[in-house]
Each structure stands twice: as C-alpha cells, then as structure tokens.
Amino acid sequence: MSQKPHKRVRKVVFPVAGLGTRFLPATKVIPKEMLTVVDKPVIQYAVEEAIEAGIEHFVFVTGRGKVAIEDHFDLAFELESTLKTRGKNAELEILKSTRPLFGAASFVRQQEPLGLGHAVWCARDIIGDEPFALALPDMLIKGVPGCLAQMIETYNNHGGNVIAVEEVPHEHVNRYGVVALDKQFDDRTHSITAMVEKPKIEDAPSDLIISGRYILQPEIFSKLAEQKPGAGGEIQLTDSMIELLTDQNFFAYRFDGKTYDCGDKIGYLAANVAYALDRPDIGPKFRPVLDQLIK
Ligand code: UTP
C-alpha cells in the first residue's frame, strides 16, 4: 500500500451543521453544540481538546441558525470592556482563554444537512492538501491526555489515517460505524481491514465502533466528492473511508478515556454529572446534593 510521509496535523474540522432534532425544543434556536456541560458549551470542550493536541487552526462547518458558535469564539468587545472597567479580571481571563488566535478559526456553511460526509467535504478548500483531524463535538471524550492528543501520537508513529474506536454492547452496533481489525501494533493500535456504517447486528464485523475522532488524509475529499447517499439517505463519511481503505492504511486506535454522547439526552445528562463531580470547585458541593436526589 502507498504510504505518504507523516505530514504534521495542523487543522481540525468540527462538523456542527446537524439539526439536533433529538434535543428539540432546546435546539430550535440554540445550536446543540452550545448546550452547556456544567458551565462550558459542548463545542468548547472539543476545541480545548484540539488545542491540547497541538492543533493550530479550527474549521467549523456550520449551517443556518448556528451563528452563536461563531460569536462564542469571537471577541465580545462590550462585555470584555465592561468586565475590565469593573475589575472582574478572573471573568475577563475566562473570556480571553476561549478565543482562538486571530485568523486561527474558519467558518464554512453546509447549506443543506446532507450528512456528515458532505459536511466534511465542505471543509475541503480550507484544509487543502494536508492531513487533518476531525472531531464530532457532541461526542465528548474525557481523557488525560485528551483523545486527539493520543491519536496524533499514534499518527506520528504510523502515518496513514487513524480512527478512534471503542467497544459497545453487541446489541448497539447497528447505531454506529463498525470496524474489522487485523494486525496489532501495540496495546491500542490495530490495522483496519473493513468498515461498515450502521450494520445489521448479525452482520457487524466486531463490537468496535467509530467514536467521533479521526485523523484523515486529504485524499478523502476526492472520495467524498463522488459519494452517493448511503445509510439514512445521507452522504456517509464511512462509505468514503471504505473506498480510501483500498489505497491507504487505516489504523483503529482504542483511546484511553470515557465517551459521553451529548447528542443524546442520557449521554448529555451523564456528562453534566461526571464533569461536575470532577470539578474541584463544584464536585464536593454537588455530591451530597446528588446523593440526596438518588435516595
Ligand atoms: P448527528 O447524527 O448527531 O445528527 O450528527 P444531528 O442532526 O446533529 O442531530 P439529531 O440526530 O438530529 O439529533 C453527527 C455530527 O455530524 C454533524 C452534526 O452537527 C454532528 O456533529 N452533521 C451531521 C453535519 O454537520 N451535517 C450533516 O448534514 C449531518
């Protein structure tokens, strides 16, 4: 198989153009990525994970009704100057730390939500001819270091394309993209021989699902350009990755961390509890309240 030299991963794509129908009515006006886990929007956790991994440029694929995301990462001039006048320095620092450097964020619109694969394709001109990270922000992954940092280390060792995977109960595999593995390289890294999007339970090649973090080579864009709609009538990223698998190496990386699917109500509530309990300023006060509620 042809193997490209390991060009550095400098950019990340966040597809945030989905409709978030599972969270209506909350998402009628507010993008689901702006729902908060404790006191930060879900999207900010993903951006911080990317910063920790050394990513320098953040590409948001947005859609109608998603301007709050753009505003969140912009300079809130009046707010910042009011905080400054009032001497609220800690709050000012919180705002400053959420802003990417000037010119380090790009926003492109997916005019129609035709599927994840189509959303990724919309980022092609901004990514250009280099490998990139892809993170689905509503899959919140709690890990130290973060999942993307772990994956970039794996990419630096192996090159190719790297996909974060995790095991789910067998009866849930039909909801996800599922991978089949071959050669093992280390405790966490295998080569991938096959992938399938939302298989029937009896046809799933394993219980390992694609978990919302990827390092992809730019050749994925030419596959996406030709991609016909697949499962659910949407242009599926997995289908284009299957085609790229015939030309390039794909590695499955079993990351060290816990996933919370914040696109789903139970996952979102669990994330709030887990992150609140873990916060030194909130956890000790929240735990007795939670104990009381459960009794
Ligand atoms: P989901 O499957 O969670 O779909 O998308 P959704 O529309 O966001 O939410 P529900 O199912 O209606 O509640 C997975 C990821 O792909 C993005 C979403 O924003 C999310 O990050 N996506 C999906 C797009 O950017 N465009 C699309 O056309 C579809």
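In the stretch 78-97 there is no residue matching the filter, namely being touching a strand residue (DSSP E or B) at 6+ places or on another chain (Cβ under 9 Å) and of a type in the set (D, E, K, R). Could you list, in sequence order, all residues of the stretch 109-144 that are over 30 Å from N272 (Cβ atoms) and β-branched (V, I, T)? Matches in the stretch 109-144: I126, I127. Restricting the stretch 134-153 to residues that are of a type outside the set (V, I, T) and in a strand (DSSP E or B) leaves a set whose member that is farthest from the ligand (Cβ to nearest atom) is K142. Condition test on V196, is it touching a helix residue (DSSP H, G or I) at 6+ places or on another chain (Cβ under 8 Å), of a type in the set (V, I, T) and within 13 Å of V9 (Cα to Cα)? No: the conditions fail for V196. More than 13 Å from the ligand (Cβ to nearest atom), in contact with a Gly (Cβ under 9 Å, 6 or more places away or on another chain) and within 24 Å of G257 (Cβ to Cβ): does that describe V29? When the stated conditions are applied, V29 does not pass them. Only one of the numbered conditions (1) touching a residue at least 60 places away in the same chain (Cβ under 8 Å); (2) away from the ligand (no atom under 16 Å from the Cβ) is not met by Y45, and that is (2). Applying the selection to the stretch 9-26, what residues are within 12 Å of the ligand (Cβ to nearest atom) and in a strand (DSSP E or B)? V13, F14, P15 - these are the residues of the stretch 9-26 that are within 12 Å of the ligand (Cβ to nearest atom) and in a strand (DSSP E or B). Is it fair to say M151 is at pLDDT 95 or above and closer than 14 Å to V9 by Cα? For M151, the condition - at pLDDT 95 or above and closer than 14 Å to V9 by Cα - is met.
When A26, A53, A76 are screened for being in contact with a helix residue (DSSP H, G or I) (Cβ under 8 Å, 6 or more places away or on another chain) and under 29 Å from H158 (Cα atoms), only A53 passes. Checking each residue in the stretch 188-205 for being among the charged types (D, E, K, R) and over 21 Å from the mean Cα position of the chain (by Cα) picks out K200, E202, D203.
Listed by position, the helices (runs of 4 or more DSSP H) inside the stretch 56-131 whose residues that are closer than 25 Å to Q217 by Cα, more than 16 Å from the ligand (Cβ to nearest atom) and over 19 Å from the mean Cα position of the chain (by Cα) number at least 1 are 124-127. Among residues of the stretch 165-193 that are over 19 Å from Q236 (Cα atoms), those with a Cβ under 6 angstrom from a residue that is in a helix (DSSP H, G or I), sequence gap 6+ or separate chain, pair up as T189/T154. Checking each residue in the stretch 175-187 for being under 20 Å from the mean Cα position of the chain (by Cα) and at pLDDT below 95 picks out R175, Y176, G177.
When the stretch 169-192 is examined, which residues are found to be among the hydroxyl-bearing types (S, T, Y) and either at positive phi or buried (at least 20 other Cβ atoms within 10 Å of the Cβ) (or both)? Scanning the stretch 169-192 gives a single hit, Y176. The residues of the stretch 1-23 that are within 29 Å of G159 (Cα to Cα) and basic (K, R), listed by number, are K4, K7, R8, R10, K11. Here T36 fits the description: modelled with pLDDT of 95 or more, under 20 Å from G146 (Cα atoms) and more than 16 Å from the ligand (Cβ to nearest atom).
Can you tell me which residue in the stretch 154-174 is modelled with the lowest pLDDT, limited to those that are outside any helix (DSSP H, G or I) and among the hydrophobic types (A, V, I, L, M, F, W, C)? So the residue we want is V168.
The values are calculated or read from the model by the stated rules, or taken from the named source; none is laboratory data. Given the structure is predicted, the values throughout are model-derived calculations rather than measurements. Note that we place each Cβ from the backbone using ideal geometry, even for glycine, and neighbour counts take in every protein chain shown.
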